[in-house]
Amino acid sequence: MAGATAVDVAPANGAGAGCCAAKGPGYATPREAMEKGPREGLLYVTCVYNGTGINKPDYLATVDVDPNSATYSQVIHRLPATHIGDELHHSGWNACSSCHGDPSTSRRFLILPSLLSGRVYVVDTAKDPRAPALHKVVQAEDIAEKTGLGFPHTSHCLATGDIMISCLGDKEGNAAGNGFLLLDSEFNVKGRWEKPGHSPLFGYDFWYQPRHKTMISSSWGAPAAFRTGFDLQHVQDGLYGRHLHVYDWPGGELKQTLDLGSTGLLPLEVRFLHDPSKDTGYVGCALTSNMVRFFKTADGSWSHEVAISIKPLKVRNWMLPEMPGLITDFVISLDDRYLYLVNWLHGDIRQYNIEDPAKPVLAGQVWVGGLLQKGSDVVYVTDDDKEEQYTVPQVKGHRLRGGPQMIQLSLDGKRVYVTNSLFSRWDEQFYGVDLLRKGSHMLQIDVDTEEGGLAINPNFFVDFGTEPEGPSLAHEMRYPGGDCTSDIWI
C-alpha cells in the first residue's frame, strides 16, 4: 500500500478542544507532524562518561544533521552536567503535542533524568537551540524526601503542564519502591502520580492513550540488580520484570497486570500506535527478543500476544550457547505503517510493515554492528553446523563497534538515526572495554517508505570517540521540535 497516508484524527471532545486553531507546541495530528513538520536540523543526544574510566560529568551533545550545513554530522555543542556519575539516559520535553491546544505553553525545556544519581536536569533549548543552557537541577534528595523515589527514567509531558517521570526504585535500588514522579510546570516536586498502594511490580517505560483512559508501563528490573551488570541468576531470582501494568488515566489506579510469562522477559520500551483512537500498541521484550502486542478486548480488559519473534542464534565463543537478539528499542512511524526495532547483540535494524498490527511483515533489514560481525571472536552456527558471521560495512573508514541500541525516526519517516550504547555497565559487560575506550558513534539509515528497505547513509558518521574530554557513550536522541517517541496526541 504505497499510498498509505499518515494518521489524521481530530481531537476527541473535551480533549484538546480547539487545538487545530491553537498555536501550542507540536502538531494537531500525527498527519500534520508527518506532512508539515520540518526536516530535522539538530539532534540532542545524551552522552555518558560514567563507568568509562573518564572522571568527567556526562553531557548533552548537540549534533548537526543538516546535510547542507558546513558542520553536518558533527557535534557542535556540549552541555556538561553539574556532577559526576549521573548516567544520563533518556529525555523528554516539558510540552509536546499533547499540549497543542494550549497556546500559552511552548516546547522549550528538555528534561534529563539521571538514571543512577537520581537528579533531573532541566535544559533550556529556546534561547539558542544550537547551544542549550542549563535551567535547573532537581536534586535527588528533594525527590527522595518528598516521594521516596529514585532511579528516574522515562519523562513525558502531560496536557496539564505537569511532567511525569517513571522511577525504577527507591533511593536504595529496591524495585518495591518504584513509581511515577510528578513535577509541576516550574519543575518543583509535586509528589507521586499513582494512587497509594498502586505502584507497579517493576518500573521502566510508559505511554498513555487518553481516549481509552489508559496508561501502560513496562518493567526492566530492580536497580540494585541491573546497575552492577546483567546476571541470569537475577532473572531466576525474580529481580527482573515480565509484566505490563495497565493504569486508569489520569486517575492513577492500577487496573490490571499482564503477565507476559516466559515469552516476555525484560519488557522495555512501550508504545501505543500514534492514532489516539487506537487501542493497541507494542512492547519490546529484550531478553526473549519478542515484540508483544497489547490490545483492548471486547469486555474492556487488556490482553497480549507475541507479534514478532526474533529467534536466538546458536553461537560459539560466547558466555552462553545461544545469543538472543536483545531488542532494546523500537519506534513507530507517525502514519502507524512501519515499526523499526534493533537487536543490540545480533547487530541488525529491522523494518516491519504493521498495517495489520497483529501480523507484522518484515520489509527491511540492515546490519550495523553486533557481536557476530566478521572480525569478531563470536560466531553463530547454522543448522548444518557451519560457523558464520555477518558482513557489516565500514562507514567513512570506521569499523562499526557495539550494536544498534537507541533509534529515532524523522517525522517524514525517511531517516532512522541510531546510537550504540545501552547502559555503561552493560556496555562493558557485553562489548568489553573496546567500546568504552573507543566510544560510541551515531549512524543514519535511509528508509524506503514505499516498498520497504533500509540502507546505511555512507556520508553520515558521528564519532563520539574523538570528543575533547575523551570517548563517550551516546544514548537517546531528541529533535528540538519533537519526534516519534516524545509526542502523544490526545
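The values are calculated or read from the model by the stated rules, or taken from the named source; none is laboratory data. In this text the structure is predicted, and so the values were computed from the model without any measurement. Positions of Cβ are generated from backbone atoms using ideal geometry, with glycine treated the same way; all protein chains shown enter the neighbour counts. Accessible surface areas use protein heavy atoms only, side chains included; no ligands, DNA or RNA. Shrake-Rupley method; radii C 1.70, N 1.55, O 1.52, S 1.80 Å.
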key: Net charge, I407 excluded, C-beta distance under 11 Å - Lys, Arg +1, Asp, Glu -1   = -2
key: Pairwise Lys count, the range 55-207 - Cα closer than 22 Å, eight or more residues apart or different chains   = 10
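If you take the alpha carbon radius of gyration of the range 336-490 and divide it by 2.2 N^0.38 Å, what ratio comes out, to two decimals?
Numbers: Rg = 16.2 Å, N = 155, 2.2 N^0.38 = 15.0 Å.
Dividing the Cα radius of gyration by 2.2 N^0.38 Å gives 1.08.
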task = May I ask you to give the average projected area over all directions of the convex hull of the Cα atoms of the range 387-479, in nm² rounded to one decimal?
result = 7.6
query = What is the distance, in nm, between label points placed 7 Å from the Cα along the Cα-to-Cβ direction at K359 and at K136?
reply = 5.1
note = Semi-axes (Å, rounded, descending) of the ellipsoid equivalent to the range 117-254 per its C-alpha gyration tensor are 25, 19, 14
inquiry  = Applying a 10 Å radius around every beta-carbon, put 122-131, 82-91 in order of their mean neighbour count, most first.
reply    = 82-91, 122-131
query = How big is the range 350-412 by Rg and Dmax over its Cα atoms, in Å?
reply = 15.2, 44
message = So, taking all protein chains as they sit and a 1.4 Å probe, how much accessible area belongs to V138, in Å² rounded to tens?
response = 10
For T52, solvent-accessible area (1.4 Å; no DNA, RNA or ligand), Å² = 30
query = For T82 and L320, FRET efficiency with R0 = 41 Å and r from the beta-carbon atoms, rounded to 0.05?
reply = 0.55
Lysines with Cα under 27 Å of K359, excluding same-chain neighbours fewer than 8 positions away = K213, K278, K296, K311, K314, K414
note = For the range 231-287 the trypsin sites (Lys or Arg not before Pro) that pass both the DSSP coil test and the at-most-15 other-Cβ-within-10 Å test are none
key: Accessible area per residue in Å² at 1.4 Å probe, computed on the range 346-409   = 44
task = For the range 402-481, run through the trypsin sites (Lys or Arg not before Pro) and keep only the ones in DSSP coil with at most 16 other Cβ atoms within 10 Å of their Cβ.
result = K414
inquiry  = Between D237 and S301, how high is the FRET efficiency from 1/(1 + (r/R0)^6) when r is the Cβ-Cβ distance and R₀ = 41 Å? Nearest 0.05.
reply    = 0.85
request  = Would you kindly derive the ³J(HN,Hα) couplings of the range 449-466 from the backbone phi angles with the Karplus curve 6.51 cos²θ - 1.76 cosθ + 1.60 (θ = phi - 60°), listing them in order in whole Hz, with x for Gly and Pro?
outcome  = 8, 8, 9, x, x, 10, 8, 5, 6, x, 9, 10, 7, 9, 9, 7, x, 10
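Rounded to the nearest 0.05, what FRET efficiency do K127 and H398 give with R0 = 45 Å and r taken as the Cβ-Cβ distance? Could you check?
Between K127 and H398 the formula returns 0.85.
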inquiry  = Quick check: pseudo-label points 7 Å beyond the Cα along Cα→Cβ at K414 and Q74, how many nm apart are they?
reply    = 2.5
task = Please give the per residue accessible area of the range 51-130, computed with a probe of 1.4 Å over protein heavy atoms only, in Å².
result = 35
inquiry  = Tell me the carbon and sulfur percent of the accessible area for the range 281-440, rounded to whole percent, probe radius 1.4 Å.
reply    = 47
inquiry  = Taking all protein chains in place and a 1.4 Å probe, what share, in percent, of the accessible surface of the range 75-157 do carbon and sulfur account for?
reply    = 50
task = Would you tell me the accessible area of L232, worked out with a 1.4 angstrom probe on the heavy atoms of the protein chains, in Å² to the nearest 10?
result = 80
ask   = Toward the positive end of the charge dipole of the chain, about the Cα centre and with charges on Cβ (Lys, Arg +1; Asp, Glu -1), which of Y340, N420, H100 goes farthest?
value = H100
request  = Starting from 0 in steps of 10 Å, tell me what percent of the Cα-Cα pairs of the chain lands in each bin.
outcome  = 4, 21, 34, 29, 11, 1, 0
ask   = Could you give the dipole magnitude of the chain about its Cα centre, charging the beta-carbon of Lys and Arg +1 and that of Asp and Glu -1, in debye to the nearest 20?
value = 480
key: Surrounding net charge for G197, when Lys and Arg each add one and Asp and Glu each subtract one, Cβ distance under 15 Å   = 0
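Specify whether the C-alpha gyration tensor of the range 286-420 places it in the rounded, prolate or oblate class, a ≥ b ≥ c being the square roots of the eigenvalues: rounded for a/c under 1.5, otherwise prolate if a/b is larger than b/c and oblate if not.
Cα axes put the range 286-420 in the oblate bin.
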key: 5 angstrom amide H check on D86, placed H, neighbours 5+ away   = D58
query = Tally Lys and Arg at +1 and Asp and Glu at -1 over the other residues with C-beta under 11 Å from the C-beta of G369: what net charge comes out?
reply = +1
query = Modelled label-to-label distance, Q256 and D446, 7 Å Cα→beta-carbon offset: nm?
reply = 4.4
ask   = Looking at the square roots a ≥ b ≥ c of the eigenvalues of the Cα gyration tensor of the range 224-377, which shape do they give, rounded for a/c under 1.5, prolate if a/b is larger than b/c, or oblate?
value = oblate
query = Amide H to amide H, which residues 5 or more places from D335 or on other chains are under 5 Å from it, using H placed in the peptide plane?
reply = V7
task = Determine the shape class of the range 33-113: with a ≥ b ≥ c the square roots of the Cα gyration tensor eigenvalues, call it rounded for a/c under 1.5, and otherwise prolate if a/b is greater than b/c, oblate otherwise.
result = oblate
